[in-house]
Amino acid sequence: MKAAVFHGAQDIRVEEVAEPTGPGPHDVLLRPLWCGICGTDLHEYAMGPIVIPAQPHALNGSQLPQVLGHEFSGEVVEVGSEVTSVRRGQRVSVMPLLYCGECYYCRRGLSHLCQTMACVGLSYDWGGISELAVVPASHVSVLPEEVSDLQGALVEPAAVAAYGVDTAGVSPGDTVLITGAGPIGALAALYASAAGARVFVSEVNPVRADLASSLDVGEVVDPASVDVAAWVKEQTDGVGADAVIECSGNERALQTAISAVRSAGRVSQTGLHTKAASIEPMVLAEHDITLAGTWCYPVSDWPRVIGLVSSGRYPVEKVVTAQIGMDDVVRSGFETLLNPSGDQVKVLVRAR
């Protein structure tokens, strides 16, 4: 069968690999439908292996080469002998985090912080940019008729964004600033709007700013030409935002977030910083500001997010800017998204 396989930095090959022999007793065999290219995937392609293990992974022994893809929907082709939760022919969305169930964090319901966490499409035998994949049945959620195959592939990044907004304690009527309108920032804006918040978005990249504007969830400002913190305070009678969701992983954006949030407000650091960032801790103390990090999402969140998408309140498909075939995954996917002058924000790959 055909799959997109990571061999090393700048080395992803669409090639023939052996088909799965079939699902284990508690697994399902899927035919992936759509799979998103994530920022983590881009980091791996540009500079990896980072997360992808070069040596056997502690949880499951996986290592290079790696079939890519952890944001995906699929059709159930076959179920294991002990599986009763799904049946052949159903469409599902995959929750890709793999965890031990026994460590300190897993025993406390924090499986996304598992001390030996692995991930489908990054540290596992299979991934979503392939013609077939085996995953644990416990890690798939059935998609209702109202949710498309494409929307099903967006549940994973939608859950990341939702966790960022939820961590900031956003309530109806709150004013929320989103810094960074990449895929996660755009999804965070949609989710905050669905929660009843007044939304502002700060984005310097014109392509991403245009995407944010097209979502029609609030005003979009350019931090290269506007003092965003001052502008937010002007819009809020000098108070500031109730919450800021920092989705860019950029030092200046984090500083802006802390300056723009009101006293006793909340900043959720959802974007991943790849290097150290300088802040003024005294500002946090002086203004009673909560700065909280987020990692992935609660592993039990799939049914809730799917329900929101199904209701129409969380139109995740709006963030998709390109749909491509597997054969074009490097040129039209990874290379385009890494190009500073590229014209795409969120690319989904047709896996079948």
Worksheet entry | Options Gly265, Gly307: the member that is modelled with pLDDT of 95 or more, surrounded by 14 or more Cβ atoms within 10 Å (Cβ to Cβ) and not in a strand (DSSP E or B) | Gly307
Worksheet item: Does segment 144-162 contain at least one residue that is acidic (Asp, Glu) and part of a loop (DSSP other than H, G, I, E, B)?
Response: yes
Worksheet item: Looking only at residues in segment 234-259 that are charged (D, E, K, R) and free of Cβ contacts under 8 Å to residues at least 12 places away in the same chain, which one is nearest to Ala224 (Cα to Cα)?
Response: Glu234
Discussion item. Just to be sure before I move on: is Ser278 over 28 Å from Ser93 (Cβ atoms), touching a helix residue (DSSP H, G or I) at 6+ places or on another chain (Cβ under 8 Å) and at pLDDT 95 or above in the structure I sent?
Written reply: yes
Practice prompt. Identify, by number, the condition in (1) in contact with a Phe, Trp or Tyr (Cβ under 7 Å, 6 or more places away or on another chain); (2) open to solvent by less than 50 Å² (accessible area, probe 1.4 Å); (3) in a loop (DSSP other than H, G, I, E, B) that Val86 doesn't meet.
Written response: (1)
Worksheet entry | Criterion: at pLDDT 95 or above and among the small types (Gly, Ala, Ser) - qualifying residue of Gly312, Gly342 | Gly312
Worksheet item: Just one of the numbered conditions (1) open to solvent by less than 20 Å² (accessible area, probe 1.4 Å); (2) part of a loop (DSSP other than H, G, I, E, B) is not true of Asp125; which one?
Response: (1)
Worksheet, complete the sentence: Of those in segment 35-56 that are out of contact with any Gly (no Cβ under 8 Å at 6 or more places or on another chain) and assigned to a loop (DSSP other than H, G, I, E, B), the residue most open to solvent (accessible area, probe 1.4 Å) is Gln55
Discussion item. Can you pull out every residue in segment 219-252 that is part of a loop (DSSP other than H, G, I, E, B) and aliphatic (A, V, I, L, M)?
Written reply: Ala224, Val226, Val239
Item to complete: Inspect segment 15-22 for any residue being touching a helix residue (DSSP H, G or I) at 6+ places or on another chain (Cβ under 8 Å) and either assigned to a strand (DSSP E or B) or surrounded by 14 or more Cβ atoms within 10 Å (Cβ to Cβ) (or both) and give the result as yes or no.
Response: no
Worksheet entry | Scope segment 89-114; condition more than 18 Å from Thr294 (Cβ to Cβ), open to solvent by 40 Å² or more (accessible area, probe 1.4 Å) and not in a helix (DSSP H, G or I); matching residues | Gly89, Arg91, Cys100, Gly101, Glu102, Tyr104
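Among the listed residues Ala192, Ala212, identify the single one that is crowded, with 24+ Cβ neighbours inside 10 Å, of a type in the set (A, V, I, L, M, F, W, C), in a helix (DSSP H, G or I) and in contact (Cβ under 8 Å) with a residue 40 or more places away in the chain. Quick ask: steps written out before the conclusion?
On the way: Ala212 fails: in contact (Cβ under 8 Å) with a residue 40 or more places away in the chain.
So the residue among Ala192, Ala212 that is crowded, with 24+ Cβ neighbours inside 10 Å, of a type in the set (A, V, I, L, M, F, W, C), in a helix (DSSP H, G or I) and in contact (Cβ under 8 Å) with a residue 40 or more places away in the chain is Ala192.
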Discussion item. Looking at segment 157-185, I want the residues that are open to solvent by 30 Å² or more (accessible area, probe 1.4 Å) and have a partner that is polar (S, T, N, Q) and not in a strand (DSSP E or B) with Cβ atoms under 7 Å, at least 6 apart or on another chain. Which pairs are those?
Written reply: Tyr163/Thr294; Thr167/Thr294; Ile184/Thr270
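The values are calculated or read from the model by the stated rules, or taken from the named source; none is laboratory data. Only a predicted model underlies this, so the values are computations on that prediction, with no experimental measurement involved. Glycine also receives a Cβ, built like all others from the backbone with ideal geometry; neighbour counts cover every protein chain displayed. For accessibility, only protein heavy atoms count, side chains too; no ligands or nucleic acids. Shrake-Rupley method; radii C 1.70, N 1.55, O 1.52, S 1.80 Å.
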